[in-house]
1. Name the residue, out of 72, 26, 49, that is within 17 Å of the chain's Cα centre (by Cα) and acidic (Asp, Glu).
2. Being farther than 20 Å from residue 104 by Cα, charged (D, E, K, R) and either surrounded by 16 or more Cβ atoms within 10 Å (Cβ to Cβ) or modelled with pLDDT under 90 (or both) is the filter here; which residues of region 117-159 pass it?
3. Which number in (1) closer than 25 Å to residue 24 by Cβ; (2) open to solvent by 30 Å² or more (accessible area, probe 1.4 Å) marks the one condition that residue 164 misses?
4. Where in region 1-87 are there helices (runs of 4 or more DSSP H), lying fully within it, with 1 or more residues that are closer than 23 Å to residue 150 by Cα and open to solvent by less than 30 Å² (accessible area, probe 1.4 Å)?
5. Those residues that are in contact (Cβ under 8 Å) with a residue 12 or more places away in the chain and either within 24 Å of residue 20 (Cα to Cα) or of a type in the set (Val, Ile, Thr) (or both), I need them from region 119-135; list them, please.
6. Every residue in region 88-110 that is small (Gly, Ala, Ser), within 21 Å of residue 52 (Cα to Cα) and open to solvent by less than 40 Å² (accessible area, probe 1.4 Å), please.
7. Given the options 154, 126, 173, name the one that is touching a Cys at 6+ places or on another chain (Cβ under 9 Å), in a helix (DSSP H, G or I) and closer than 22 Å to residue 68 by Cβ.
Amino acid sequence: MDIRVARTDRAIEKAFMELRAKNPLEKIKIKDLCALACINKSTFYAHYEDIYALANGLENKLIASILSSVSEKLGAERPLDRTAELTQGLFRAFVQNQKAVNILFSGSRQGVFANSIEQGLRKRIAEQDPTFAADPRRGIVLSFCVQGCFYAFANNSGRMDEGKLVSLLAEIAQAAQRNGL
């Protein structure tokens, strides 16, 4: 990629995140973003169709990064055989990307984040293990791990020691695995 294009992308993304931290997506104006990024409108439109395409691209980039991080930690093994590690990896990835998660998936978008993470993991697990899709219990365990982990992250992060919270999530995930599989 051309260094100028990459620099422009970073400027657009940075300006968007700054504006999105203060405003709902619907209130962000292209002219304000362009002024903050020090670009003109034609440059913006050369990179993105509209503000929603930019938001969607950044959301997808964040979700892919989190899924990649979790997948790297778990390796090629069956992640639902290691629910404690899966849950711990998810929570740590959420914490590591907390600012971006809170900005991009605030308000009504919060549920979209957890569901996108879950769908991404479902797809990766099914690719590794074709028997996964046929076993509803394992799907429920995955849902519990992802949604429960995100709920704990969204509602308890900062209220409880992170190490203790991660350990508690791992214990709950292991119990779900023992009873669900």
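1. 72
2. Result: 122, 124, 127, 129, 135, 137, 138, 159.
3. Going through (1) closer than 25 Å to residue 24 by Cβ; (2) open to solvent by 30 Å² or more (accessible area, probe 1.4 Å) one by one, residue 164 breaks only (1).
4. It comes to 3-22, 51-74.
5. 125
6. 100
7. So the residue among 154, 126, 173 that is touching a Cys at 6+ places or on another chain (Cβ under 9 Å), in a helix (DSSP H, G or I) and closer than 22 Å to residue 68 by Cβ is 173.
The values are calculated or read from the model by the stated rules, or taken from the named source; none is laboratory data. Quick caveat, the model's predicted, so the values are computed rather than measured. Don't worry about glycine lacking a Cβ; one is built from the backbone with ideal geometry, like all the others, and counts go over all protein chains shown. Remember, those area values only see protein heavy atoms, side chains included, never the ligands or the DNA or RNA. Shrake-Rupley method; radii C 1.70, N 1.55, O 1.52, S 1.80 Å.
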